[in-house]
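Working notes, structure below.
Any read-out appearing in this document is the output of simple, stated calculations on the displayed coordinates, not a laboratory observation. Just so it is clear, the model here is predicted, and its values are computed rather than measured. Cβ sites come from the backbone with ideal geometry, for glycine too, and all protein chains shown count toward neighbours.
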Amino acid sequence: MADELALRPEQLYRRTDPGTLGFATTAELPPLVGAIGQAEGMAALEFGVTMRGGGYNIFVLGESGSGRRSFVLEALHRRAGQQAPPPDWCYVQSFTDSRRPRAVAVAAGRGDALARDVALAIEDLRRLVPPALEADEAVGRRTAAAEARERQAGELLDEFRAELKDNGSVVLRETENDYGLIPAHEGQPLKPETYLALPEEVREAIDAQVREARNRMLTINRRMHDLQREARAAVAEINRDATARTVQLQLAPLHAKYAGERRVLAHLEALAHDIEEHQEQFATTEREKQPAPLLPQEDFFKRYAVNVIVRNAPAGGAPVIEERHPTYAALVGHVARQMQFGAVVTDFTGITAGGLHRANGGYLVLDAEDLLTRPLAWSALKRVLRTREVKPVEPSGEMGLVVTDMLDPEPIPAALKVILVGEPGTFYLLRAADDEFRELFKVKADFRPDVERTPETERAYAAFVASAAPREGAPPFDAAAVACIIEEGSRIAADQNKLTTRFGLIADLVRESSHWSLTQGRGQVTVADVQHALLERDTRERRPHRALLELIERRILAFAPSGEAAGQLYGIAVITVGDEAFGRPMKVMATAFVGQGGLSNLEREVAMSGPIHTKGFLLLSGYVARRFARNRPLALSATISFDQVYEEIEGDSASAAELFALLSAVSDVPIRQGIAVTGAVNQVGTILPVGGVTEKIEGFFAACQRVGLTGEQGVILPRRNLANLVLRDEVRDAVAAGRFHVWAIDAFEDGWPILTGLSAGEEDEYGEYPPGTIYRAVTDRMDSWAGMDGEEESAETPPADN
């Protein structure tokens, strides 16, 4: 029966026939288009990018290195190229509130043109406004307006002088800069002593006249001030009118050029009005009259600049932005600041776009794990998707800190699709922990970690190699080299019928194989180059495994895969160091003795057993009770442990080995020590699949090789794991030569002939097993222990009192 369960070398690996690939070298193949075997994920992506409505953003989940990001970007670029480009976006000064810069949209590719056009218009106006203000018409109108007010002021004074002359009690004293009232009598000014000498009633009459004249003088003064203001206002209006005509002439071409741009036209109207209101800044003579400032002053004309923050090519389609560093500022933009006279100041020209601005109207691709590690970035992204608008906001303000001179730019409407690329665990964590996530990312594009290995996917793999090789400057690959890469794709997927979609690893193999080919001066990559690349990679990565094998060779780790012993055999653990995993033999030892203590797991007793291992161990009790305690008492105490294991034991892949060791200890039937066992077992004895069978077999083989292959060594594994076998040539060659063996079993009982040469035995109708079987030895030993236990109980129990 053991021979029937032994696997043939061809069952340990699945080869690809280079002749079935249909080419001699990859130079004959077209490049790969689309994602290999990801039809469902790509369909979900297509649905997400075409679906209208809020919240239909996309989370692409898959294993790192699966090419998910590359395929997503490729698909997005194809679609974006068919879409109309979104507008350019600019920030300009708000002339009513400088702290709230206005957002201006202009057709794609016209943002820089608008900035240049406005700058040239301002430059022209600075040159043309002064002559316009000094033109004969403007000067004449200003002179006429001033003279008209001066005439009115003179007429008021003449009228006042006439009134005083008629009165005779007050005389108007006029100086160069002022006017004064002097008491008089009959039109002649009075000296103080003369005034005091007058009768009291005369003085009172003069005083009354002086008060009335003074009130009249105050009224005239107010009117003269009004006339001065009117004159200044008239002059300013004349200047505005002259400036407005010049501005209108200069901005008319811009109005025509940007006739369809609503926001641009609104800004040009506001700009024209502000220039008219500040025409004195454009008048050269007025600026020259002002004293030179002691400290540098901000350029007044900076307020008319156009800050273009988003530029889109007119024929470039929708933007596809991949933000590799999704910090808060990188997403929503920021406002640059500078020190000025000891204070931090800023203005609208310091506004810088973020990824959300640049991707507006298109697609933004972000790494989910990277995004979630950046302070405030996740909440900022959700806010933009929720409110559908984006604006630069200082993070210090978001955290409630006081920020001086902080701008509050007008928000820009946000219309984009956000694609998060991340691990499956991240997706499900967000779904469970963040209520908004489900509403904002309604589309799940799930990229498979592997695809079915079919002739079609094998040819697609070849197309991938044909695409990757030229990008890396590599020579073509021959068909045998590509077949070797396909086989490695199955090995990475740990399944003969699958191919991995971790194309980052395959691309690395392409690069490394081409490197070794080029060092040999070959014009194409051969299978020898691919095998050499794999060998070199193993050499680089497997130092920890070699160190373990050295410990075995030096007998520091006890390992003796020969002979027979009862109650012990080798299981195999998988040790993972970084991206590499390898198998390590570990001795499973059991001791059984009479008693009612049941099964004891020593690792569990010292808290070195994980929950899955503990569950697997407890299932052993169920199997033992089902097999041996339905018709007889179970008088059994046993302990099971792992030798030289100093870390936590987790997983149930050693449960079959533990059960073999236990029943060997009970029956006292020795087990062949050169055979290791891996596999889980349930309560009815079904052998269940486990992970890492390739690593386990190769690890046990390497350990046996170090101490010497005897031809009696091998590994028993679950038959359900046959498809997971992708063993290296060295192991397959040893199996073919009979120096190593691999067996596959479906039921626990099938392992006994391999381990002991004896069958487990079938239970008859009386619950008895045939002599010469393992289970007959087990029941015999349990029956003897039960009798001993019964005798001890009888000896300890006093006779009944009659």
Cross-link partners of Lys442 among lysines (Cα-Cα below 16 Å; sequence separation of 8 or more within a chain): Lys382, Lys417
The range 1-79, relative contact order [Cα under 8 Å, separation at least 6], %: 22
Relative contact order (%) - criterion: Cα under 8 Å, at least six apart; region: the range 1-152: 10
Total charge dipole magnitude, the chain, about the Cα centre, Cβ charges on Lys, Arg, Asp, Glu only, Debye to nearest 20: 1900
Around Glu269: net Lys/Arg minus Asp/Glu count, Cβ-Cβ under 14 Å: -1
Longest exposed-site-free window of the chain, the sites being trypsin sites (Lys or Arg not before Pro) in a DSSP loop that have at most 15 other C-beta atoms within 10 Å: 100-323
Antiparallel bridges, percent of DSSP beta bridges restricted to the chain (to nearest 5): 60
Cα extents of the range 490-585 along the three principal axes, largest first (Å): 58, 31, 25
Cα centre as origin, Lys/Arg/Asp/Glu Cβ charges: the range 357-470 dipole, Debye: 340
Nearest-0.05 FRET efficiency for Glu147 and Arg100, computed from C-beta distance (R0 51 Å): 0.70
Total charge dipole magnitude, the range 184-280, about the Cα centre, Cβ charges on Lys, Arg, Asp, Glu only, Debye to nearest 20: 420
Potential extension, Ala6-Leu758 segment - 0.36 nm per residue separation minus Cα distance: 269.1 nm
Projected label distance in nm at Asn221 and Arg262, using a 7 Å step from Cα toward the beta-carbon: 5.6
FRET E, pair Ser637, Lys615, Förster distance 25 Å, beta-carbon r, rounded to 0.05: 0.75
Value of [θ]222 nm, deg cm²/dmol, for the chain, DSSP H segments ≥ 4, -39500 (n - 2.57) each, nearest 500: -15000 deg cm²/dmol
Computed over the chain: relative contact order in percent, which uses C-alpha pairs under 8 Å that are six or more apart: 16
Percent of Cα pairs exceeding the 43 Å cut-off, where the set is the chain: 59
Cα-projected label distance for Glu439 with Glu389, points at 7 Å along beta-carbon direction, nm: 1.8
Full-extension gain in nm, Glu40 to Phe301, via 0.36 nm per residue minus C-alpha separation: 88.3 nm
Neighbour cut-off at most 12 other Cβ (10 Å), DSSP loop, chymotrypsin sites (Phe, Trp or Tyr not before Pro), the range 721-781: Tyr766
Dipole-positive endmost among Ala680, Gln281, Val306 within the chain (Cβ charges, Cα centre): Gln281
Separation between Cα centres of the range 192-246 and the range 691-705, rounded to whole Å: 113
Three semi-axes of the equivalent ellipsoid, the range 419-463, Cα gyration tensor, whole Å, largest first: 32, 10, 8
Cα pair distances exceeding 16 angstrom across the range 646-759, given as percent: 59
Dipole-positive endmost among Thr500, Pro470, Thr454 within the range 440-502 (Cβ charges, Cα centre): Thr500
Segment Glu541-Arg431, length gained on full extension (0.36 nm per residue, minus Cα span): 35.9 nm
Förster radius 41 Å - calculated FRET efficiency between Asn682 and Ala84 (Cβ-Cβ, nearest 0.05): 0.10
